[in-house]
Amino acid sequence: MIEIVDLHKAFGRNHVLRGANLKVEKGESMVVIGGSGSGKSVLIKHIIGTLKPDSGSILIDGVDIAKLSENELYETRKRFGMLFQMAALFDSMKVWENVAFALMRHGKLKEKDAKEIASEKLRMVGLMGVEDLMPSELSGGMKKRVGLARAIAHSPEILLYDEPTTGLDPIMADAINDLIIEMKQRLSVTSVAITHDMHSAYKIADRIAMLYEGSIIATGTPDEIKNTDNAIVRQFITGSAVGPIKIEGVTA
Amino acid sequence: MSNVLLKLIECVGRAITLFWQVFLLFTEELGRIMLLLCSAIKQLVLPPFELRNTFKQVVEIGIKSLPVVLITAVFTGMVLALQSYTGFKRFNAEVMVGTVVALSITRELGPVLTGLIVAGRAGAAMAAELGTMRVTEQIDALETLATNPVKYLVVPRFIAGTIILPSLTVIADIIGIIGGFFVTVTVLGANSSVYWRRTWDYLETSDIYNGLIKACFFGAAIAIISCYKGFYTSGGAEGVGKATTGAVVLSSMTILISDYFLSAWLFK
């Protein structure tokens, strides 16, 4: 279970998170929505501990990961898998080496066994025969699939998705949505995704939370969010330029 | 009159502020490089050891820099012999050419020129590679895969830089002296046994190993500076470009400045 309590984070004068609170139950799929620059990425980076909070805590099964030592933090990260927005594949390695990275490093598997597991994970995300290609030879959608295979390779308990459908065509985006749902069902993982793609959010979420001006202003099931009375949430989910949300850098 | 005086005070004030800001930036950067260095040394002694990655970096930095180092060394030795021969001839001291070439190369030009070449070639490559990994989130991906990026990326480059630079310098020393010999004896027609005798008579082992100590320091400095520049890159493609340029400039400056102080300390 993940619990974020009163999280504050500022970069210089830019106070990005201002007391964010969020609770994700075990096995649940939580989607955090919010505009560009609302602090979604900063939030997800706190969950995996690559950013340290100014104040507040991030509890993973009751343990505050902001207070862990460096070694404990790296141990805890073995329970996580993360899919990056642009996949972030290691471009100096072949596809299978990317997928098997954590297995070979932490599992001390032999190359042959690791490659076999990598192939199996690649099949799970619908890829075959790409093991020996380099990441630069793949399309955007394929990179995301490889990124997903890498994220699930070490059988994590928690999966984090950073804008999983951004930059993909609608059909490929939907295929990725299906994969995310499939991962949840087959691996029974807890997942947190951040996105501004409402179609994707409705499809993959058990619950949706909206991040606005540094805090979570609403949480609910997709149906509850669709029928919300909150004017800010309404404006965001209907994608209207007119409403209480001010567009940054634009004066009315 | 008072207006001119005010303007003058204002100018002095601005200059002091500017100087202070530059000084602050410099100390901040130096501090962050030292922090990265400490972190790298800590990760260096803790297992697991990155043998495979280190070997890869040794090949990358060492073997691939070798051709440029060889060409630079041989021509440096040659021009040094040519210049000192024609210069020394004015006061009939041509016999000293072998000594001048050997001492200049082993004490000074071998380590410094090799350092500058490696800074330009390998330092730039390190900063660009790590910088690209940073802006494409590959370094974050390492973290999420429970891998310490300092251990995985910085330590192998640091070890490789520190051991490769003295190795390249030994080769540069030998090739440089041979280059000097070739010009003195074959082109300028001096006596070959005199050249060698003058080389060995005045060359001490301390000249060679003190030169190599300098090379070790340069190698470590290039690696840590270039890794630092790459590791903390921000701002996309432009940022990578700036990091690469910054790595080469700062490494080269560090080599040239520290060379003076190291020489003053080592060659008393």
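Points to keep in mind about this one:
- Qualifying residue in segment A:226-242 (condition: closer than 17 Å to A:MET30 by Cα, modelled with pLDDT of 90 or more and among the charged types (D, E, K, R)): no
- Neighbours by Cβ (under 6 Å, 6+ apart or cross-chain): first from segment B:1-16, in contact (Cβ under 8 Å) with a residue 40 or more places away in the chain; second surrounded by 10 or more Cβ atoms within 10 Å (Cβ to Cβ): none
- Residue match in segment B:200-218 (condition: without any contact (Cβ under 8 Å) to a residue 24 or more places away in the chain, assigned to a loop (DSSP other than H, G, I, E, B) and either more than 17 Å from the chain's Cα centre (by Cα) or farther than 30 Å from A:GLY81 by Cβ (or both)): yes
- Within segment B:213-268, the only residue that satisfies the criterion of being surrounded by fewer than 15 Cβ atoms within 10 Å (Cβ to Cβ), out of contact with any helix residue (DSSP H, G or I) (no Cβ under 8 Å at 6 or more places or on another chain) and small (Gly, Ala, Ser) is B:ALA264.
- If the condition is being small (Gly, Ala, Ser) and closer than 22 Å to A:LEU59 by Cβ, then segment A:178-219 contributes A:SER188, A:SER191, A:ALA193, A:ALA205, A:ALA209, A:GLY214, A:SER215, A:ALA218.
- Of the candidates A:GLY27, A:GLY19, the single residue that is in a loop (DSSP other than H, G, I, E, B) and away from chain B (no Cβ under 14 Å) is A:GLY27.
- Looking only at segment B:96-118, and only at residues there that are buried (at least 24 other Cβ atoms within 10 Å of the Cβ) and of a type in the set (Val, Ile, Thr), the one that is farthest from the chain's Cα centre (by Cα): B:VAL97
- Scanning segment B:147-162 for residues that are closer than 14 Å to B:ALA221 by Cβ and touching a Cys at 6+ places or on another chain (Cβ under 8 Å) gives B:VAL154, B:ARG157, B:PHE158, B:THR162.
- Tally of residues being assigned to a helix (DSSP H, G or I) and either of a type in the set (Val, Ile, Thr) or without any contact (Cβ under 8 Å) to a residue 24 or more places away in the chain (or both) across segment A:183-198: 1
- Helices (runs of 4 or more DSSP H) contained entirely in segment A:73-142, each with at least 1 residues that are facing another protein chain (nearest Cβ under 10 Å) and surrounded by fewer than 19 Cβ atoms within 10 Å (Cβ to Cβ): A:101-106
- Contact map, segment A:66-81: first residue without any contact (Cβ under 8 Å) to a residue 12 or more places away in the chain, second residue in a helix (DSSP H, G or I) and surrounded by 17 or more Cβ atoms within 10 Å (Cβ to Cβ), Cβ cut-off under 9 Å, separation 6 or more or different chains; pairs are A:GLU72/A:ILE65; A:TYR74/B:GLU143.
- For A:ILE47: the one exception among (1) modelled with pLDDT under 90; (2) surrounded by 14 or more Cβ atoms within 10 Å (Cβ to Cβ): (1)
- Matching residues, segment A:52-72, being surrounded by 14 or more Cβ atoms within 10 Å (Cβ to Cβ), within 26 Å of B:PRO48 (Cβ to Cβ) and either facing another protein chain (nearest Cβ under 10 Å) or within 17 Å of the chain's Cα centre (by Cα) (or both): A:ILE60
- Boolean, A:GLY167 is at pLDDT below 90, over 25 Å from A:ILE48 (Cβ atoms) and assigned to a loop (DSSP other than H, G, I, E, B): no
- Any hit, segment B:178-197, residues being under 26 Å from the mean Cα position of the chain (by Cα), surrounded by fewer than 21 Cβ atoms within 10 Å (Cβ to Cβ) and hydrophobic (A, V, I, L, M, F, W, C): yes
- If the condition is being more than 14 Å from chain A (Cβ to nearest Cβ), farther than 22 Å from B:ASP173 by Cα and without any contact (Cβ under 8 Å) to a residue 40 or more places away in the chain, then segment B:89-139 contributes B:LYS89, B:ARG90, B:PHE91, B:ASN92, B:ALA93.
- Apart from one condition, A:GLU224 fits all of (1) assigned to a helix (DSSP H, G or I); (2) buried (at least 17 other Cβ atoms within 10 Å of the Cβ); the exception is (2).
- B:ILE224 being assigned to a helix (DSSP H, G or I), modelled with pLDDT of 95 or more and not hydroxyl-bearing (Ser, Thr, Tyr): yes
The values are calculated or read from the model by the stated rules, or taken from the named source; none is laboratory data. Since this is a predicted model, take the numbers as computed values, not measurements. Cβ atoms come from the backbone with ideal geometry, glycine included; neighbour counts cover every protein chain shown.
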